[in-house]
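The values are calculated or read from the model by the stated rules, or taken from the named source; none is laboratory data. Given the structure is predicted, the values throughout are model-derived calculations rather than measurements. Backbone-built Cβ (ideal geometry, glycine too); neighbour counts: all protein chains shown. We work out accessible area using only protein heavy atoms, side chains counted, and drop any ligands, DNA or RNA first. Shrake-Rupley method; radii C 1.70, N 1.55, O 1.52, S 1.80 Å.
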Amino acid sequence: MKRNWGTVVLSTLVVSGLTLTACSSDAPGKEKAGGSNTDAAKGVSAAGFPIVKEPIKLKMFTRVAPTNGPFKDMPVFQDYEKMSNVQVEFIEAPTDGFNEKKNLLFASNELPDALYRSGLTPLEAIRYGSGGQLIPLEKLIDSYAPNLKKLMDTYPEIRSAITTPEGHIYAIPGIVTVNSARTDKRWMNQVWLKKLNLKEPETTDELYEVLKAFRDKDPNGNGKQDEIPMTARNGLSIVPIMAGSFGLDFQLGYNINLENDKVNIWMGNDRNKELLMYLNKLYSEKLLDQELFTQKEAQYLAKQGSANTGFFFDQTNNPMLDTKVADQYIGIAPVKGPHGDRLQLAAPVPRDFGAFAITSVNKYPEATMRWIDYFYGDEGSTLLRFGRKGDNYELKDGIPYYTDAFLATGNQSKITPYAGGGAPHLISEKVASYINPPQVQEAQKKLDPYMPKIRYAAPMFDEDTAQKINVLRNDIDKYYEEQSTKFIAGALSFDKWGEFQATLKKMKIDELQKLYQDAYDNLKKQK
């Protein structure tokens, strides 16, 4: 699955405005937050299977991606029902229109027992949790989710990403511990490097020279200057890709550097100016794809598989494999910038916030937590991602791989809710063979030394603060995107940088920075 890293810097807000009002705080079931004293808790095993001796039934609302088959036909849910004694009826809603249907459930208070692959935003989790429609999960996690609890203890950034300022957890995320699923690799055409007797670039200056050679020296040998030296996904995705070479980080889900526990939103600072000037240089000299701001995803993927691109970025090598040009590319390390910076962008370990939540109408919260916890271990994640051993996959050195016969059917996305993203489960090295083949692993090794020690996800804000941030970011993010695009494309002179900075000030970027600082300070206190 590919990640569009451009959303880190631009349009994916950490908080999402809602027009629906929450139901009153006296919604039924809020008292079941801990769950250990309810009658339903009796008969729930603390470990092993079945989870309950007598079968129980749960209804779960879920999103279905266009590539998926019906959840009831997926091996994971058929087999897990037999193991667990938990019968799940999935209420399926297609991706298009999913959020509207989800909001309608809460507005009408016609709630399922749980929301699976639900994509709840932090604001939704807080609003519906404080309103009593979602129950707190922290005590349930401690008592009934050993896999998830272990992950939260190992990676403290998970807890900080899902805990409200009041200390509650209303939704749990997908979790990614394999580094290669958290990064876009830096794929360079090694055939062109060898033909032109060039080495892998180590600095931004060396990258510039390599790209010029790709442009001018006909590495594809057709006598035409038709090579694409460097390309990236549409729009400003190139900013986070190259930001680390200029000392710019993406902490707390935003354009933020953390320096001595101080939050610095860097959009208006000199390092960002240097980054945009470098990208403008590449673009103006046609070293950076001239269709960068107009191309669609399909066009970008086609360029990856064309063997006529010198340098591009993707999490996997799938587009190259599809056209059998993968052996032409090699992963390279981040290039060192003018101040010696060499940071690799990486998504946080907690991913897909709000992937699973339990509602106040659920009579079996303990069993439900045990049910979902299975998928935060390698065994459950293997079942979820790969289906049945023998029918769908085989183990090689303890790692599951789809069988050739099953791959030939083209039905991988039909058997797993992982396809299409957002499923609540663990992605570890032991279950990532399809997205982490040897070529991708080798590319990731080049990035590992430059990965951040910890990548904080977007923090949870209380509702008032979330609304303030939404208002501020709606204006600031739009302005930053528009002006940065113009700077890179040469439509706006860098003589206007002072005006750009002044406008960000007028848009209250300092106030936004303080709100993030307060949130970060709160995270530090929770440790």
Q.
Using a probe radius of 1.4 Å on heavy atoms only, what accessible surface per residue do you get for the range 308-364? Whole Å² is fine.
A. 30
(Q) Largest first, please: the extent of the C-alpha atoms of the range 411-509 along each principal axis, to the nearest Å. (A) 51, 37, 32
Q | 0 to 90° range, to nearest 10: angle between helix 98-108 axis and the chain longest Cα axis | A | 30
Q. Which order, highest average first, do 499-507, 59-67 follow once you tally other Cβ atoms within 10 Å for each residue and take the mean per peptide?
A. 59-67, 499-507
Q. Where does each of 431-441, 253-263 land if you order them by average Cβ count within 10 Å, highest first?
A. 431-441, 253-263
(Q) Please compute the per residue accessible area over the range 373-476 with all protein chains in place, 1.4 Å probe, rounded to a whole number of Å². (A) 43
Q.
I want the antiparallel fraction of DSSP beta bridges within the chain, as a percent rounded to 5.
A. 55
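Write down the accessible area per residue of the range 132-235 in Å², having rolled a 1.4 Å probe over the full set of protein chains.
Ligands and nucleic acids excluded, the figure is 38 Å² per residue.
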Q. Cα axis of helix 509-526 to longest principal axis of the chain: angle in degrees, 0 to 90, nearest 10?
A. 50
Q) Carbon and sulfur atoms: what percent of the 1.4 Å accessible area of the chain do they account for? A) 49
(Q) Using only the Cα atoms of the range 156-235, what are the Rg and Dmax in Å? (A) 21.2, 65
Q: Would you work out the relative contact order for the chain, in percent, from Cα pairs under 8 angstrom that are 6 or more residues apart?
A: 26
Q. Where does each of 154-160, 93-99 land if you order them by average Cβ count within 10 Å, highest first?
A. 154-160, 93-99
Q) Each residue of the range 422-431 in turn: what ³J(HN,Hα) in whole Hz from Karplus with 6.51, -1.76, 1.60 and θ = phi - 60°, glycine and Pro shown as x? A) x, 6, x, 6, 9, 10, 10, 4, 6, 10
Q: Report the relative contact order of the range 118-255, percent, no decimals, based on alpha-carbon pairs under 8 angstrom and at least 6 residues apart.
A: 13
Q) Using Cα atoms only, what is the angle between the long axis of helix 75-84 and the major principal axis of the chain, expressed in degrees (0 to 90) to the nearest 10? A) 40
Q: Work out the length of the dipole vector of the range 394-527 about its Cα centre, built from +1 on the beta-carbon of each Lys and Arg and -1 on the beta-carbon of each Asp and Glu, and round it to the nearest 20 debye.
A: 240
Q: Just reorder Asp510, Asp462, Asp184 by solvent-accessible area, largest first, 1.4 Å probe, all chains present.
A: Asp510, Asp462, Asp184
Q) Which one of Gln467, Thr177, Ala502 is farthest out on the positive end of the charge dipole of the chain, using unit charges on Cβ (Lys, Arg +1; Asp, Glu -1) and the Cα centre as origin? A) Thr177
